[in-house]
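Below is one structure; the comments refer to it alone.
The values are calculated or read from the model by the stated rules, or taken from the named source; none is laboratory data. Only a predicted model underlies this, so the values are computations on that prediction, with no experimental measurement involved. Here the Cβ is made from the backbone with ideal geometry for all residues, glycine too, and neighbour counts use every protein chain on show.
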Amino acid sequence: MELLSTINLLALVLLPFVVPKIWEACWIIVLRPLMLSRKFKKQGITGPKYRFLYGNLQEMKKMKKEANLRVLDPNNNNIFPHVYPHYHQWISQYGETFLYWNGTKATIFISDPELGKQILSSKFGFAVIAKTRPEVFIVFGKGLPFIEGDDWIRHRRILNPAYSMDRLKVMTKLVVGCTLRMLEEWRKQRNGEEEVVMKMEIKKEFHRLTGDFIATTAFGSSYAEGIELFRAQAELGEYYVTSLTNVFIPGTQYLPTPTNLQLRKLDKKVRDSIKRIIAARLKSNSNNYGDDLLGIMLKATRSEDAEKKMSMDEIIEECKTFYISGQGNSSLLLTWTTMLLCLHQDWQEKLREEVFIECGQDKIPDSDTISKLKLMNMVLMESLRLYGPVIKMVREATQDMKIGHLEIPKGTSIVVPFLKLHTDKAIWGEDAHQFNPLRFQNGVSQAANNPNALLPFSIGPRACIAQNLVMIQTKTVLTLILQRFRVSLSPEYKHTPVDNFNLYPQYGLPVMLQPLDTSARR
């Protein structure tokens, strides 16, 4: 009897705490999805049916898994149905704008370029980076792309000088040095004078090279010094990609599960590696930390102006973001552009001729030379259009909002599918799926029937801060390779672009490299 009384008393004490939580869970999992589905249906927007807790995650996972088993024709640039089979199917069923469910999160797919511009523009003030799973910050760091408001303004103001034209000129020289080291390693791999053509997994080479760029140009270290950091971040990235199609339950990130323990272990490795790089810089520069990215951030720790000050933890987060984002985007742009030049040998020869005219056959390029490569710029724009590393952007409504004719409730995620926009025949014409760099001969704004149709680095104030650096790096590397090698696809190449947060070649990019000196003697 006494035990029963104790239980009843405990129930009465806990009831005020338990009932709100049960109601909140019921609202999130059942009632809100029903309410939002009806609200969007009144606007003529439908989509795949919401399923309890999982939403449409299981459908997405199944369709992507099936798509990843297929191999495309290398000349097929219509990759949107392969990379996003669920979006492709839902567009055919529900139209260009539809509602789907990322777990319990309502998500609107919008592929209108004008609406995309509005959504990505900060001047509206109510569409921001989508609230995301906690592991994204472990993988990418809580750097510039993931912070908001006054913190974003402060970080952007501090980091801007690291990407000035004067700094980019210095960086170009460092990129040349890194690339020449890679090309010298390639030369050593040739087995004497008899080997005319050699096979290379060039995606791996570019991944290592861009890691060297970042370490050298931004942090004054080297790929060798940051190798543990790169490996740990690569493993973290794999965990993150795997988790994207799983249901996230708030609070589970704190449980001591094997996955969570491994994530914490890898995150510690990354942070410890960055701390060692920072410690080395502090030790070698007692007063002046240098004018690269790390130096600029370290100087900000000593600022007496609150609007120009950074903490050491903020520096570590920015380093994590720059390492993984910079390495991924640069290496993938190089990889996909190389693939296109392998498939279109006529354009490879046009670029080589342009390089020989501007640089000669053996002159080392500089930033002034790079700026004169008009054809190469056109090729890179077309590569970014067809195979841009960033294939979608997600925002979230922070209040009830209206975009065009759409009324979007607070908390709704909004997907702007760059890959769909960049290959839409209604925007780019009947040759939208073809490789045609000449479409950019009069500039980006004239290449399509909408000036906002190309968004490889996003748009507006929150556009990628490092986009000029990425372009200069890519042009420099391609220039040095074209001076020395003719590149073609290996017969082993399998054309299977996949969504691993960015656009990846699932099986890498094996190519055949023919040194120009040997091709001349044949």
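Can you pull out the residues in region 370-403 that are of a type in the set (S, T, N, Q) and in contact with a Lys or Arg (Cβ under 8 Å, 6 or more places away or on another chain)?
Asn377, Thr398, Gln399
Looking only at strands (runs of 3 or more DSSP E) that lie completely in region 413-522, which have at least 1 residues being over 28 Å from Phe140 (Cβ atoms) and not polar (S, T, N, Q)?
Hits in region 413-522: 485-489, 510-515.
Rundown of residues vs (1) in contact (Cβ under 8 Å) with a residue 24 or more places away in the chain; (2) of a type in the set (Gly, Ala, Ser); (3) within 17 Å of Gln467 (Cβ to Cβ); (4) surrounded by 14 or more Cβ atoms within 10 Å (Cβ to Cβ), yes/no style:
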site: Glu148; (1), (2), (3), (4): no, no, no, no
site: Asn160; (1), (2), (3), (4): yes, no, yes, no
site: Tyr163; (1), (2), (3), (4): yes, no, yes, yes
site: Thr172; (1), (2), (3), (4): yes, no, yes, yes
site: Val176; (1), (2), (3), (4): yes, no, no, yes
site: Trp186; (1), (2), (3), (4): yes, no, no, yes
site: Glu205; (1), (2), (3), (4): no, no, no, yes
site: Gly211; (1), (2), (3), (4): yes, yes, no, yes
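In region 40-86, how many residues are without any contact (Cβ under 8 Å) to a residue 40 or more places away in the chain, in a loop (DSSP other than H, G, I, E, B) and farther than 28 Å from Cys26 by Cα?
Total satisfying the criteria: 1.
Can you tell which of Pro461, Pro456 is within 29 Å of Ala215 (Cβ to Cβ) and surrounded by fewer than 19 Cβ atoms within 10 Å (Cβ to Cβ)?
Residue meeting the stated conditions: Pro461.
How do the helices (runs of 4 or more DSSP H) wholly within region 291-392 filter down when requiring 1 or more residues that are among the hydroxyl-bearing types (Ser, Thr, Tyr) and within 23 Å of Ala463 (Cα to Cα): which remain?
Where helices (runs of 4 or more DSSP H) fall fully within region 291-392 and carry at least 1 residues being among the hydroxyl-bearing types (Ser, Thr, Tyr) and within 23 Å of Ala463 (Cα to Cα), they are 312-343, 367-371, 374-387.
Scanning for something acidic (Asp, Glu) and surrounded by 14 or more Cβ atoms within 10 Å (Cβ to Cβ), does region 66-76 turn up at least one residue?
Looking through region 66-76, none of the residues is acidic (Asp, Glu) and surrounded by 14 or more Cβ atoms within 10 Å (Cβ to Cβ).
For Val270, are the conditions met, namely being surrounded by 15 or more Cβ atoms within 10 Å (Cβ to Cβ), modelled with pLDDT of 65 or more, in contact with a strand residue (DSSP E or B) (Cβ under 8 Å, 6 or more places away or on another chain) and not in a loop (DSSP other than H, G, I, E, B)?
no
Got a number for residues in region 446-473 being among the β-branched types (Val, Ile, Thr) and more than 23 Å from Leu180 (Cα to Cα)?
2
Residue-wise test of (1) out of contact with any Gly (no Cβ under 7 Å at 6 or more places or on another chain); (2) crowded, with 21+ Cβ neighbours inside 10 Å; (3) within 17 Å of Val470 (Cβ to Cβ); (4) of a type in the set (Asp, Glu).
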residue: Gly388; (1), (2), (3), (4): yes, yes, yes, no
residue: Lys410; (1), (2), (3), (4): yes, no, no, no
residue: Val415; (1), (2), (3), (4): yes, yes, no, no
residue: Leu421; (1), (2), (3), (4): no, yes, no, no
residue: Gly429; (1), (2), (3), (4): yes, no, no, no
